[in-house]
1. Enumerate the calculated ³J(HN,Hα) couplings along segment 326-336 in order (Karplus 6.51 cos²θ - 1.76 cosθ + 1.60, θ = phi - 60°), each rounded to whole Hz, writing x wherever the residue is Gly or Pro.
2. Please find, in a Gaussian network model of the chain (springs between Cα atoms separated by less than 10 Å), the residue of PHE253, PHE18, PHE180 whose mean-square fluctuation is greatest.
3. Check ASP181: other-chain or 5+ apart residues with amide H under 5 Å from its amide H, H built from backbone geometry?
4. In a Gaussian network model over the chain where Cα atoms closer than 10 Å are linked, find which of THR66, THR383, THR256 has the largest mean-square fluctuation.
5. Can you work out D for the chain in µm² s⁻¹ from Stokes-Einstein, where Rh is the Kirkwood radius over C-alpha pairs, the temperature is 4 °C and the viscosity is 1.567 mPa s?
6. For LYS286, give me every one of the aspartates and glutamates with a C-alpha distance below 16 angstrom, ignoring sequence neighbours fewer than eight places off in its own chain.
7. Which whole-number value in Å² is the accessible area per residue of the chain, probe 1.4 Å?
8. Using +1 at the C-beta of Lys and Arg and -1 at the C-beta of Asp and Glu, which of ALA41, GLY333, GLY407 has the Cα lying farthest in the positive direction of the dipole of the chain?
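The values are calculated or read from the model by the stated rules, or taken from the named source; none is laboratory data. Bear in mind the structure is a predicted one, so any value in this text is a computation, not a measurement. Methodologically, a virtual Cβ is constructed for each residue, glycine included, from the backbone with ideal geometry; neighbour enumeration extends over all protein chains shown. Please note that ligands, DNA and RNA were not included when accessible areas were found on the heavy atoms of the full protein model with its side chains. Shrake-Rupley method; radii C 1.70, N 1.55, O 1.52, S 1.80 Å.
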Amino acid sequence: MVDRRLPKIKDLAPLMQFKVPELNAKKRRLESALTIHDLRAIAKRRTPKAAFDYTEGAAEAEISLTRARQAFEDIEFQPSILRDVSTVSTGWDVLGAPVALPFGIAPTGFTRMMQTEGEIAGAHAAAKAGIPFSLSTMGTTAIEDVKAANPNGRNWFQLYMWKDRDRSMALVERAAAAGFDTLLVTVDVPVAGARLRDKRNGFSIPPQLTLGTVVNALPRPEWWINFLTTEPLAFASLDRWSGTVGELLDTMFDPTVTFEDLVWIKDQWPGKVVVKGVQNLADAKKLADLGVDGITLSNHGGRQLDRAPIPFHLLPSVAREVGNDLEVHLDTGIMSGADIVAAVALGARFTMIGRAYLYGLMAGGEAGVDRAIQILSDQVARTMRLLGVNSLEELEPAHVTQLTRLGRIDPLAAHAVDSLPGRF
């Protein structure tokens, strides 16, 4: 038998403490986001379809991006217990200088199209977090303005080699003069990938207004007000363009670039050189022989060759073979701090976030980028504690098991099957 009594006010009071309502709508919105996926949902609600799809989309059937994200989900952590993890260190040296976290902001094109604060928001947020910020050749903020926004931090410049070599190298000279410390030479763009969402949306520079875009914009007035009342969209590296993004890229990218050109570029740059877009071990070995400082395993966020190799799957073998000769970095598919910890455990010195950063930007400008970085930072530290490690140096391949969803067929075995009688 349970004894019952009338509740007393003094007993109820501690159980009825109401939270003070947050009157700042942006702060309330961002505080409700607990994951990068939450920021993505907010970004989608607040951004016109064409701009959101440019960020969200990938090439053709978008299989490469789906597989890259799935690869991070298909892991099993191997934690150790009864370790003192009261303190953890989430930083170390990357390319000869310290970073507070093992990730940085990847280069993204047309960033002010996503949200008007653009690269300045990213550079400010990176400076506060103690992580590198990367400016794209196709960025919408001048090299010098990014440096002014992050004067004492790590600024990296991402180079697409254009058909107009003089124009490309003029940008490199500007980045060097502004004090950028690392050049990211992106090598997976002989031509633009088939970004079908952009074609279907008529995504162009400048944006073309159609009945569909106007209707889509009606519930998103803040984006359009910001777009129309701030400085007109301009690019760090070109004057103007009238056409789709894919058409612009195809006119610019140089399909004749070779390893010899890379050596020449390296000789022009006074700082560190990282080659971004490496997708097989043979190329990684050749780049190590050429003496570059680092490589980024990347399939360009799935935006170039669909069904491209999965960078996270390549990581263990590449890190094992060339990790003593250069730094191995990784991007594509990262959506959580656990993804970052897994990459570091399997040999990545550094990782880069593109969409995760842009989701934050679209969700709330600079404050949204701060929130994205905070979410990932908290997840990195918590995952490390749960694994039983105090520092990034303690992470090792034994902490991560990659589960197999997509198995590879041995080419020799496949050939043998094709040679059987009756096969044609």
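1. With the stated coefficients, segment 326-336 comes to 7, 7, 9, 10, 8, 9, 5, x, 6, 10, 7 Hz.
2. Among PHE253, PHE18, PHE180, the largest mean-square fluctuation in the Gaussian network model of the chain belongs to PHE18.
3. ASN155
4. THR256
5. 56
6. Partners within reach: ASP188, GLU260, ASP261, GLU321, ASP325, GLU327.
7. It amounts to 48 Å² per residue over the chain.
8. ALA41
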